[in-house]
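Presented below is the structure to which this report refers.
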Amino acid sequence: MRVRYSADENGRRRKKALVYTREEHGINLSDVDRDAVFIIERLRAAGFETYIVGGAVRDLLLGQAPKDFDIVSEASPPRIKKVFRNSRIIGRRFRLVHVYFGPKIFEVSTFRSLKDGTTSNTFGTIEEDVRRRDFSLNALFYDPLREEVVDYVDGLKDIRERRIRPLISPALIFRDDPVRMIRAVKYAAATGFGLPLTLRLRIRRESSLLADISASRLTEEIMKIIKAPRAAAIVELLEAQRLYSYLQPNAARLMREGSFRERYLQGFRALSEPGAGGELPGRNMAALIRDYLEDNIDWTAGTHENYAAAYYAARKFVLPMNPPRTELDQAVRLIFGEHGITLKKARFLERGSGGFGPRMPREGAVPEKAGEAPPPKRRRVRRRHGKSAAPAEGLDAPGGRLAGDGEGV
């Protein structure tokens, strides 16, 4: 183990970080995505300090396979984009870069400063960036080229002692960003670490702050949960901490009634069982809606009407979550398949319904009378001059995720 030093304001040398070698941290380089390593090689060659960070490092240290490899660099988003043609800058308030390798997306962010607090978007140094991360187990940097772990906050010690320790003042950590309550519970369930009593009590006192979080951020969190290896444990602990009612209020209400709770949790447990379906489209989303549809859909009705009822009942049930239409459609079809009903995609995915779900009339449209010819279609005139405004990119339009906060379950 080596020690990094820096000079304080008086010129005295002070310890800055611990650097662990491969023999000390035990991460196997073969477990690291080769495309993530390539991104780091390219940015290093361009002269920028760059690391794998957050949840991926935590999972590698625990011997688990990371779902994502987030990368952090001293390069600004425009400089990163210049290095990678297969990339785009996303976000309004929190600018970062998505680098594409086929279906894989790597999120590359820039070191953030503490100039405007722990949720600021001003660029800074690695020393500042680590101090704005939520918990110590997510504040480790891994250098796959030298095979070293750089630790500014004793995060490796906390992982080895199975401890979840906040890096931000307890009085501010959840008030700055209430979603950190959900993350704290996710980390505890995903790692098997216990939540300290002080954190549990603060979550109970401040859980109501989640009521003001946007639907887009809650959707992002629940999508990560249902795709996590220990989804059932996460949902169960969120319910125990009274947080699940902010993510899935309808399901949380039913979990307090009758046998729904055990059936619902078993649906998530089944996702991690051997031979559970792998990457079968819609399988994770189906765990959210299966038991509700089983109890509330008339499976003897006509196919089209039944699908329409199931699709819109499912969309209402998962509110305030607003899932991708493709995933919800795939989940509904998967559940129909479990009942031996095969749906023809072309029949239901029609124009006029936003691309997915049964075709529905436009709001305010006047229904046609029997025997009456439909009104003529209005011809659309395409303007040849001027450009339409491009849609905002990324998840960070108002209510989007806070970049660089050490997420990774």
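Can you name every one of the helices (runs of 4 or more DSSP H) wholly within the stretch 180-256 that holds 2 or more residues which are crowded, with 21+ Cβ neighbours inside 10 Å and within 20 Å of the chain's Cα centre (by Cα)?
Numbers: elements: 197-206, 215-226, 231-240, 244-247, 249-254.
So the answer is 215-226, 231-240, 244-247.
Looking at Val72, is it in contact (Cβ under 8 Å) with a residue 40 or more places away in the chain, buried (at least 19 other Cβ atoms within 10 Å of the Cβ) and under 20 Å from Lys224 (Cβ atoms)?
Yes, satisfied.
Would it be correct to say that Ala301 is modelled with pLDDT under 85, part of a loop (DSSP other than H, G, I, E, B), of a type in the set (Gly, Ala, Ser) and within 19 Å of Ile226 (Cα to Cα)?
On the way: modelled with pLDDT under 85: yes; part of a loop (DSSP other than H, G, I, E, B): yes; of a type in the set (Gly, Ala, Ser): yes; within 19 Å of Ile226 (Cα to Cα): no.
Taking the combined requirement at face value, the residue does not satisfy it.
Take the conditions more than 26 Å from Arg162 (Cα to Cα) and touching a helix residue (DSSP H, G or I) at 6+ places or on another chain (Cβ under 9 Å) and apply them to Ala56. Does it pass? Can you show your working first?
Values: more than 26 Å from Arg162 (Cα to Cα): no; touching a helix residue (DSSP H, G or I) at 6+ places or on another chain (Cβ under 9 Å): yes.
Answer is no for this residue.
Would it be correct to say that Glu262 is free of Cβ contacts under 8 Å to residues at least 24 places away in the same chain, surrounded by fewer than 20 Cβ atoms within 10 Å (Cβ to Cβ) and not in a helix (DSSP H, G or I)?
On the way: free of Cβ contacts under 8 Å to residues at least 24 places away in the same chain: yes; surrounded by fewer than 20 Cβ atoms within 10 Å (Cβ to Cβ): yes; not in a helix (DSSP H, G or I): no.
In short, no.
Any chance the stretch 278-288 includes a residue that's surrounded by fewer than 18 Cβ atoms within 10 Å (Cβ to Cβ), farther than 22 Å from Asn322 by Cα, touching a helix residue (DSSP H, G or I) at 6+ places or on another chain (Cβ under 9 Å) and free of Cβ contacts under 8 Å to residues at least 12 places away in the same chain?
Checked the stretch 278-288: no residue is surrounded by fewer than 18 Cβ atoms within 10 Å (Cβ to Cβ), farther than 22 Å from Asn322 by Cα, touching a helix residue (DSSP H, G or I) at 6+ places or on another chain (Cβ under 9 Å) and free of Cβ contacts under 8 Å to residues at least 12 places away in the same chain.
Residues to consider are Lys67, Lys115; find the one that is under 22 Å from Ile159 (Cβ atoms) and either modelled with pLDDT under 95 or surrounded by 20 or more Cβ atoms within 10 Å (Cβ to Cβ) (or both). Give the derivation first.
Values: Lys115 fails: under 22 Å from Ile159 (Cβ atoms).
The conditions single out Lys67.
The values are calculated or read from the model by the stated rules, or taken from the named source; none is laboratory data. Just so it is clear, the model here is predicted, and its values are computed rather than measured. All Cβ positions, glycine included, derive from the backbone under ideal geometry; neighbour counts span all protein chains shown.
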